[in-house]
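> The structure's right below; bear with me while I get my questions together.
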Amino acid sequence: MIVTGKHLQRRTFLKGVGVAIGLPMLDAMIPAMKAAAKAEKSPTRMAVVYVPNGVVMQNWTPATVGANFEMDGILKPLAPFRNQTLLISGLMDNNGNALGDGGGDHARAASSFLTATHPKKTEGADIHVGTSVDQVVAERLRADTRLSSLQLGLDDSRTVGHCDSGYSCAYTNSVSWKTPTNPLPPEANPRAVFERLFGSVDPTIDAATRARRERYRRSLLDMTREETRSLEVTLGASDRRKIDEYLDSIREVEKQIEMAEKGPRNVAPGMEEPAGIPAAYADHAKLLFDLQALAFQSDLTRVTTMVMGREGSVRTYDEIGVPEPHHPLSHHRNAPEALTKLTKINTYHVELFAQFLTRLQSMREGDGTLLDRSMILYGCGIADSNRHTHEKLPILMMGGANGGVQTGRHIAMKEDTPVANLFLSMMDRMGVDIEKFGDSSGKLEIA
């Protein structure tokens with residue numbers, strides 16, 4: 001580690017007109033007098049990646065527990081990250097069940113997954129479920145970062161009207177809830193996310209106004225060029241390299257967004273067009289994952305949720321040879337052909353998720369990587385999509401959480417263990433110590 005005489009605050013920004021770009025962890029942020037002792041501890045980041053419509057469980061669950069579990073089938077793309085994986089079998093979300101309310105499993109799966117609360121069945125404005133685990137953590141960390149949390153998704157979301165058997169669309173489209181009556185719909189537009197992270201342009205303005213403003217805007221990085229140069233002359237070679245790599249990453253994301261906005265939107269007839277930009281699902285997912293990685297690297301936020309598709313999604317996946325809409329296909333009736341295609345979709349989602357892990361793994365922070373500093377939950381509130389079961393859910397965690405999670409193993413929980421028990425343990429790793437969350441019955445041993 002190279003230590004210079006300059007000491008930067010962790011919350012240092014490069015500023016321009018209407019722009020403030022947070023910096024990654026630099027050697028200069030560690031006081032010279034303490035550098036020979038113990039480096040400042042990096043913060044833990046928490047992310048949730050939600051997938052819709054269940055998973056083909058026989059192609060997900062390994063036959064063995066412990067350290068030598070199999071990573072094939074749907075999990076094969078995660079094989080390079082075996083040592084960073086904690087696979088948890090047997091957890092349930094009982095609040096996703098009807099409990100006397102009849103149909104509506106997709107709405108209940110999405111809304112109860114992170115809240116551990118049964119949603120009130122209504123199509124009106126009197127929605128009510130619970131505060132989600134990510135928002136409990138976000139409130140605890142509110143003073144530590146510029147943004148308390150980010151909610152991202154690959155579908156445009158609406159929060160009014162009827163979407164599933166008498167349940168409001170707010171339940172189907174939102175996994176993150178700030179309060180029991182205030183859902184936080186995911187943002188699908190990468191440009192809006194980028195500007196929320198690095199600029200001050202209002203993401204709610206209409207497209208025509210946005211385009212007019214863009215004609216007069218320079219790159220965010222151009223707007224901070226002078227301050228970047230002034231800072232770099234005071235830093236050591238290692239820190240200058242880190243800043244250059246970080247700013248190059250921002251520039252690359254910015255270019256991808258600009259290209260997507262200008263490029264053609266060729267979508268096959270009958271295909272549900274991916275909301276936001278770009279049109280290709282994989283490119284859209286990569287952009288949103290890259291933005292999360294940048295947000296974590298610059299410590300602009302430490303809490304994110306990402307929805308790979310809304311519950312009940314009818315997206316088609318022609319690019320992997322699955323032209324049938326996802327939701328109807330998920331009612332597979334155990335037909336081999338349908339199960340094969342659903343497995344392709346499940347595996348495709350995991351492949352895209354693996355790209356996010358690769359990006360975090362490549363980002364150094366102190367004596368580790370951003371993946372070492374992160375705790376990432378991947379899963380959903382439905383197991384068998386044909387029967388809409390909410391028991392034995394597909395759940396895994398990635399990353400070491402700064403040593404707070406013992407990875408490289410598959411553990412099987414006792415039948416009917418609430419998924420809320422896992423959330424209690426995750427909150428504990430994020431500095432939130434509470435005894436009860438939703439229908440929890442105690443903390444889960446993950447370290």
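> In region 317-368, how many are among the β-branched types (Val, Ile, Thr) and within 30 Å of LYS41 (Cα to Cα)?
Adding up the residues that qualify gives 1.
> Let me ask something additional. What is the number of the single condition among (1) at pLDDT 95 or above; (2) more than 20 Å from VAL307 (Cβ to Cβ); (3) out of contact with any strand residue (DSSP E or B) (no Cβ under 7 Å at 6 or more places or on another chain) that ARG364 does not meet?
(1)
> Then there is this: In region 323-333, what count of residues is obtained for those that are surrounded by 19 or more Cβ atoms within 10 Å (Cβ to Cβ) and closer than 10 Å to ILE345 by Cβ?
3
> Could I ask something else about it? So, of the residues in region 178-230 that are acidic (Asp, Glu) and assigned to a helix (DSSP H, G or I), which turns out to be modelled with the lowest pLDDT?
GLU214
> I've got another one for you. Mind listing whichever residues of region 112-152 are farther than 20 Å from SER165 by Cα, in a loop (DSSP other than H, G, I, E, B) and of a type in the set (S, T, N, Q)?
Correct list: THR115, THR131, SER132, THR145, SER148, SER149.
> Quick test for you: out of LEU141, LEU150, pick the one residue that is of a type in the set (A, V, I, L, M) and surrounded by 23 or more Cβ atoms within 10 Å (Cβ to Cβ). Give the steps one after another, and end with the answer.
Values: LEU141 fails: surrounded by 23 or more Cβ atoms within 10 Å (Cβ to Cβ).
Result of the check over LEU141, LEU150: LEU150.
> Now for a separate question. Please determine, by comparing only the residues of region 336-361 that are of a type in the set (Lys, Arg) and free of Cβ contacts under 8 Å to residues at least 40 places away in the same chain, which one is surrounded by the fewest Cβ atoms within 10 Å (Cβ to Cβ).
Of all residues in region 336-361, those of a type in the set (Lys, Arg) come to 341, 344, 359.
Right, trim to free of Cβ contacts under 8 Å to residues at least 40 places away in the same chain and you get 341, 344.
Working: LYS341: 22, LYS344: 16.
Ranking the qualifying residues of region 336-361, first place goes to LYS344.
> Given the criteria touching a Cys at 6+ places or on another chain (Cβ under 9 Å) and within 17 Å of GLY153 (Cα to Cα), does ARG310 qualify? Before the answer, list the steps.
Details: touching a Cys at 6+ places or on another chain (Cβ under 9 Å): yes; within 17 Å of GLY153 (Cα to Cα): yes.
Yes.
> Another question about this same structure. Under the condition of being hydrophobic (A, V, I, L, M, F, W, C) and farther than 22 Å from SER330 by Cβ, which residue from region 67-77 is nearest to the chain's Cα centre (by Cα)?
MET71
> Okay, moving on. Among the listed residues LEU371, LEU393, identify the single one that is buried (at least 21 other Cβ atoms within 10 Å of the Cβ), in contact (Cβ under 8 Å) with a residue 12 or more places away in the chain, part of a loop (DSSP other than H, G, I, E, B) and in contact with a strand residue (DSSP E or B) (Cβ under 6 Å, 6 or more places away or on another chain).
Of the residues listed, the single one that is buried (at least 21 other Cβ atoms within 10 Å of the Cβ), in contact (Cβ under 8 Å) with a residue 12 or more places away in the chain, part of a loop (DSSP other than H, G, I, E, B) and in contact with a strand residue (DSSP E or B) (Cβ under 6 Å, 6 or more places away or on another chain) is LEU393.
> Please specify each residue of region 418-435 satisfying the condition of being touching a Gly at 6+ places or on another chain (Cβ under 6 Å) and surrounded by fewer than 20 Cβ atoms within 10 Å (Cβ to Cβ).
Result: ARG429, single match.
> Taking the stated definitions as given, is SER330 farther than 30 Å from VAL136 by Cβ, in the same structural domain as GLY73 (by TED's automatic domain parsing) and small (Gly, Ala, Ser)?
Here the answer is yes, as SER330 does meet what is asked.
> Being without any contact (Cβ under 8 Å) to a residue 60 or more places away in the chain and either assigned to a strand (DSSP E or B) or under 19 Å from ILE382 (Cβ atoms) (or both) is the filter here; which residues of region 294-322 pass it?
VAL314, TYR317, VAL322
Conditions (1) modelled with pLDDT of 95 or more; (2) touching a Phe, Trp or Tyr at 6+ places or on another chain (Cβ under 9 Å); (3) β-branched (Val, Ile, Thr), marked per residue:
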position: MET397; (1), (2), (3): yes, yes, no
position: ILE411; (1), (2), (3): yes, no, yes
position: ARG429; (1), (2), (3): yes, no, no
position: ILE434; (1), (2), (3): yes, no, yes
position: ASP439; (1), (2), (3): yes, no, no
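> Same structure again: Just name the residue that is nearest to the chain's Cα centre (by Cα) out of those in region 396-411 that are crowded, with 24+ Cβ neighbours inside 10 Å and on the phi > 0 side of the Ramachandran plot.
Once the filter is applied, the top-ranked residue is GLY399.
The values are calculated or read from the model by the stated rules, or taken from the named source; none is laboratory data. All figures in this text were calculated on a predicted structure; none of them were measured in a lab. For neighbour counting, all protein chains shown are included, and Cβ atoms are generated from backbone atoms with ideal geometry for every residue, glycine included.
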